[in-house]
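**Q** Have a look at the structure that comes next, please.
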Amino acid sequence: METGQKHTSEIIVKDSLSAENVGSGDMPVLATPMMMALMENAAMLAVKDSLEEGMTTVGGHIESSHLAPTKIGEKVMATAEVTKVDGKKIFFKISAYCGETLLGEGTHLRFIVDRQKFLARL
């Protein structure tokens, strides 16, 4: 795994992803938690193929702005790029766009974990 690895995930905003449906607001626009989930998905997928068998990543911290609304039916793309790897910690730069409009940007931290050991702790 190395810095510079990146992935872009995309969604079409549906009613089920709206602020009024997920409970984070009361308008029919993309919910902030759903935008951040898309950013996390991009980060997870950016490093997935670099992990050893049986390993995965889990989110540890995410921080992002949400600068513009997105209406139902629009396509949103989120990109995550590895900026630093420190042992089991992976740091990312994250951003989300609708066309040319920046929706949000920030940072994300994921931890590399053994899937079986992680689930055994539950």
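The values are calculated or read from the model by the stated rules, or taken from the named source; none is laboratory data. Source: prediction; values computed, not measured. Methodologically, a virtual Cβ is constructed for each residue, glycine included, from the backbone with ideal geometry; neighbour enumeration extends over all protein chains shown. Surface areas here come from the heavy atoms of the whole protein model, side chains and all, with no ligands, DNA or RNA. Shrake-Rupley method; radii C 1.70, N 1.55, O 1.52, S 1.80 Å.
**Q** Of (1) open to solvent by less than 60 Å² (accessible area, probe 1.4 Å); (2) over 18 Å from His7 (Cβ atoms), Arg121 satisfies all except one. Which?
**A** Failed condition: (1).
**Q** Does Ala31 fit the bill of being modelled with pLDDT of 95 or more, open to solvent by less than 60 Å² (accessible area, probe 1.4 Å) and under 11 Å from the mean Cα position of the chain (by Cα)? Full working, then the answer.
**A** Values: modelled with pLDDT of 95 or more: yes; open to solvent by less than 60 Å² (accessible area, probe 1.4 Å): yes; under 11 Å from the mean Cα position of the chain (by Cα): no.
No: the conditions fail for Ala31.
**Q** Inside segment 66-122, can you point out the residues that are polar (S, T, N, Q) and within 12 Å of the chain's Cα centre (by Cα)?
**A** Correct list: Thr79, Ser95, Thr107.
**Q** Name the single residue that is farthest from Leu103 (Cα to Cα) among those in segment 49-93 being touching a residue at least 24 places away in the same chain (Cβ under 8 Å) and among the charged types (D, E, K, R).
**A** Lys88
**Q** Being open to solvent by less than 30 Å² (accessible area, probe 1.4 Å), touching a Ser or Thr at 6+ places or on another chain (Cβ under 8 Å), at pLDDT 95 or above and aliphatic (A, V, I, L, M), is that true of even one residue in segment 67-74?
**A** Yes, the conditions are met somewhere in segment 67-74.
**Q** If you go through segment 1-46 one residue at a time, how many are over 13 Å from Gly73 (Cα atoms) and assigned to a loop (DSSP other than H, G, I, E, B)?
**A** Selection size over segment 1-46: 11.
**Q** Would you pick out the residues in segment 8-24 that are open to solvent by 60 Å² or more (accessible area, probe 1.4 Å) and in contact (Cβ under 8 Å) with a residue 24 or more places away in the chain?
**A** Matches in segment 8-24: Thr8, Glu10, Ile12, Lys14, Asp15.
**Q** Can you tell me which residue is modelled with the lowest pLDDT among those in segment 1-22 that are among the charged types (D, E, K, R) and closer than 26 Å to Met55 by Cβ?
**A** Glu2
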